Amino acid sequence: MVVVDSSSQNLLDLVAAACDGRLAAERVAELEQALLADPAAQDLYLDYFRLDTQLSALWQEQRSREVLDRIEKLQLVEPAYSWFDRAYDFISHTMALSLLIAGLFCTIVVLSLAVISMPELTNRSPKVPSRDDYAARIYDSQDAAWNLTQGQAEPQWKDDLLIGQPLDLASGFVRIRYDNGTMVLLEGPARFTVTGQNSGQLLRGKLVARVSKEATGFIVSSLTGTVTDLGTEFGAYVGPSDDLEVAVFDGKVRLETSGESRELGVGQSARVTGNSVVQGDGSTRFARVLPREAPGAYSLCVLADKPLAYYRLSSIVDEKGDRFTANGVRVAFTTPQPGLNRSNGFAGVEDFNRWANFDGGESSTLTELKTGWNSNAGTISYWVRADEDGHPTQTHLFASDDGDGVFGKSVSIGCIGTFARKDGSFGFSIDGFQIDAPAGTIGAPLAWNHFAFTWQREAEPANSTIALYLNGELIKSVTTEPWTEFTIAATRFGKEQSGNSRIFSGSLDELALFAEALSAEAIQQQVAVAKAASPAPIESSSE
Amino acid sequence: MAKRISDIEFAELLRLHFAELLRLHYARVLGFVRAMVLDANDAQDVFQETVLALWQSQESFDSEREFGAWAVGIARHKIFDYFKSRRREQAHFSDAMLEILAERQSQRSEDLDYLQARERALKSCLETVQASQRELLRRCYEGNESVAEVALSMNRTPGSVYSSLKHVRVKLLECMRKRLEGEHGRG
């Protein structure tokens, strides 16, 4: 294997195209030329194909195991021997012995052959699960440990969950996302089965379900009762006695047993015991968020994405540990100075506002933020509370490769900048490319808003992307021609470089710079963590 | 007294052992064939012929030898047979280039420890890439959707998805190299 560096870009393009079957015939000679006298390039070429093969095998093996688990556990067919071994025998004796051998590694091949090549068996065999047979996915987990049956693969973050597939969580937390958007947070030890597109069965342990608007009517059943969502967030617990206990955090639910039905509202709890529904004592505690997402963990959430720089106020204002506190420093610029270029010192943010880095180390002003990052890929995120007054267009972050650029749509060459306008629009500019959210996107002033901007430059034409997020939601994304590759030599917050008056007036907090384009999920998580309910993360039900 | 296994049982053990060896070398051999035979369908044919040849000649395999080198050697023969017998209508490397790549591949000595470390490295490195990149890999490699379909559902162009795949593969290669260097002193 070889070290891959930026100078290999053209070679990489050729290798990737060859591997993906997209290399035009006339470029084969070009690839050969690149490989011919370069052993390192030859290694890269061979390794790339090998990795591609490994990745195929990895995912298709996982899927084949799921299929087998599904068939075995749901007992959809006569004893497994009948069709599987016939497939084995058929392949062994008639078709392709080679596929059988490889099939030990990649069972999906065997399954495919069983279904595709043997119609006489297809009629009596279960169909290979389609998308409709899956209802949910393991969305996230923390410290999860599983009770596994012999040969069962450990559920992973990437796994789709088949309807009927039991989960036996020994300890830790697992969050399941149904395709309709409902989130179920399982707290181990727990035994849970996705039983349908909008339902699940809890045999033991605790869960908290946050039901999406589209999924109202979500049902959790136990051996003794059923709880039906009526637009809500609720917790359910099944203990050793098999009693079902339910607590409502938001909205309402209907709790039913064979002999009784009762609706519960916010703050209420009840327990199904026997055929009766009795009032709960509110003593059961439910985890409504993963512990790492608990309020107080905002900075941990940001740090998990490995920022290049992260500026917060922990040593200036009481930030209450790692928690996001909407405070920030007011950074209105009151005395515009015409010569605000780097050589004269930047005063877009008043210099007396000293900012501490996340580690509590040396503070820095917003005039000398982290440099050395580049235009290839990155993310900027921060919280802003705009004043009611100020210039109609206000610059937020501004960064330049050499300090000579002027922030503007057509001339911001070598610059990266973010801005917002009083009309509720906001946007991002990079090397002359600009993307704007429409007017009215941002709400009223004096409210805290989370902004995030991502960029990913690709060498291929029209494949580079820029995206705008507001409060965790993707507002706009464009795909465009690649911009110039450059490195940032100066960064600051509050005012662009030229001597005009587009100065930010408001407060700023939790400014983070990343060297890669964060995923939408990562950005959503920042906001979710900040907005998580302010009480302690472990909620207790109450009557 | 230990039970004496029958000839049939012994043959079964050998078969399972052989299959396990092949499983461990699967990506190396198939990856090599695909790198040499650029057409994906033809590469699958050549790989199947290779596996069949391996299976048929397993009794001649010297267990003191490294299985992977033996398998790559047979694959090499099958690849050159393929190029001799086909009319070469499709784009392909020159004979000189094929020889160089085959020689390069043959020079690699990889014991079982290394192969297992490589599998571990891949799984470990997959945990280090962004969730959105893992999701993209899953969708593209799981086999249920074409890249074009994935691109359509993401409101992207296929070229853009291919480009993202390239990025994440390179990341994985680099990550695996570092891990294997740390574990085995080589990438």
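The values are calculated or read from the model by the stated rules, or taken from the named source; none is laboratory data. Since we're looking at a predicted model, the values are computed, not measured. For neighbour counting, all protein chains shown are included, and Cβ atoms are generated from backbone atoms with ideal geometry for every residue, glycine included.
Of note:
- Residues of the range A:36-51 satisfying the condition of being at the interface with chain B (Cβ under 8 Å from one of its Cβ atoms), closer than 26 Å to B:Ala121 by Cα and hydrophobic (A, V, I, L, M, F, W, C): A:Leu44, A:Leu46, A:Phe49, A:Leu51
- Among the candidates B:Leu38, B:Leu22, B:Leu52, the residue that is touching a residue at least 40 places away in the same chain (Cβ under 8 Å), of a type in the set (A, V, I, L, M, F, W, C) and under 23 Å from B:Asp111 (Cα atoms) is uniquely B:Leu22.
- Residues in the range B:158-178 that are touching a helix residue (DSSP H, G or I) at 6+ places or on another chain (Cβ under 6 Å), within 18 Å of B:Lys123 (Cβ to Cβ) and surrounded by fewer than 19 Cβ atoms within 10 Å (Cβ to Cβ): B:Cys175 alone.
- Candidate set: the range A:459-474, residues that are within 14 Å of chain B (Cβ to nearest Cβ) and over 14 Å from A:Ile430 (Cα atoms); chosen: the one surrounded by the fewest Cβ atoms within 10 Å (Cβ to Cβ): A:Pro461
- For B:Ala151, the test of being touching a residue at least 60 places away in the same chain (Cβ under 8 Å) and either touching a helix residue (DSSP H, G or I) at 6+ places or on another chain (Cβ under 7 Å) or outside any helix (DSSP H, G or I) (or both) is failed.
- Any hit, the range B:149-157, residues being in contact with a strand residue (DSSP E or B) (Cβ under 9 Å, 6 or more places away or on another chain), buried (at least 16 other Cβ atoms within 10 Å of the Cβ) and among the β-branched types (Val, Ile, Thr): yes
- Restricting the range A:505-525 to residues that are in contact with a helix residue (DSSP H, G or I) (Cβ under 8 Å, 6 or more places away or on another chain) and not in a helix (DSSP H, G or I) leaves a set whose member that is farthest from A:Thr465 (Cα to Cα) is A:Glu510.
- Among the conditions (1) within 7 Å of chain A (Cβ to nearest Cβ); (2) over 21 Å from the mean Cα position of the chain (by Cα), the only one that B:Lys166 does not satisfy is (2).
- Reported count of residues in the range B:115-127, each being within 10 Å of chain A (Cβ to nearest Cβ) and over 20 Å from A:Leu46 (Cβ atoms), is 3.
- Test set (1) aliphatic (A, V, I, L, M); (2) touching an Asp or Glu at 6+ places or on another chain (Cβ under 9 Å); (3) over 20 Å from B:Val29 (Cα atoms) - B:Met154 fails condition number: (2)
- The conditions of being more than 21 Å from A:Ala517 (Cβ to Cβ) and modelled with pLDDT of 85 or more are met by B:Glu103.
- Those strands (runs of 3 or more DSSP E) lying entirely in the range A:142-257 with at least 1 residues touching a Phe, Trp or Tyr at 6+ places or on another chain (Cβ under 9 Å), small (Gly, Ala, Ser) and surrounded by fewer than 21 Cβ atoms within 10 Å (Cβ to Cβ): A:166-178, A:199-210, A:244-257
- Within the range B:130-158, tally of residues that are closer than 16 Å to A:Glu521 by Cβ, more than 8 Å from every other protein chain (Cβ to nearest Cβ) and at pLDDT below 85: 1
- Tally, over the range B:91-114, of residues that are part of a helix (DSSP H, G or I) and either free of Cβ contacts under 8 Å to residues at least 40 places away in the same chain or more than 7 Å from chain A (Cβ to nearest Cβ) (or both): 13
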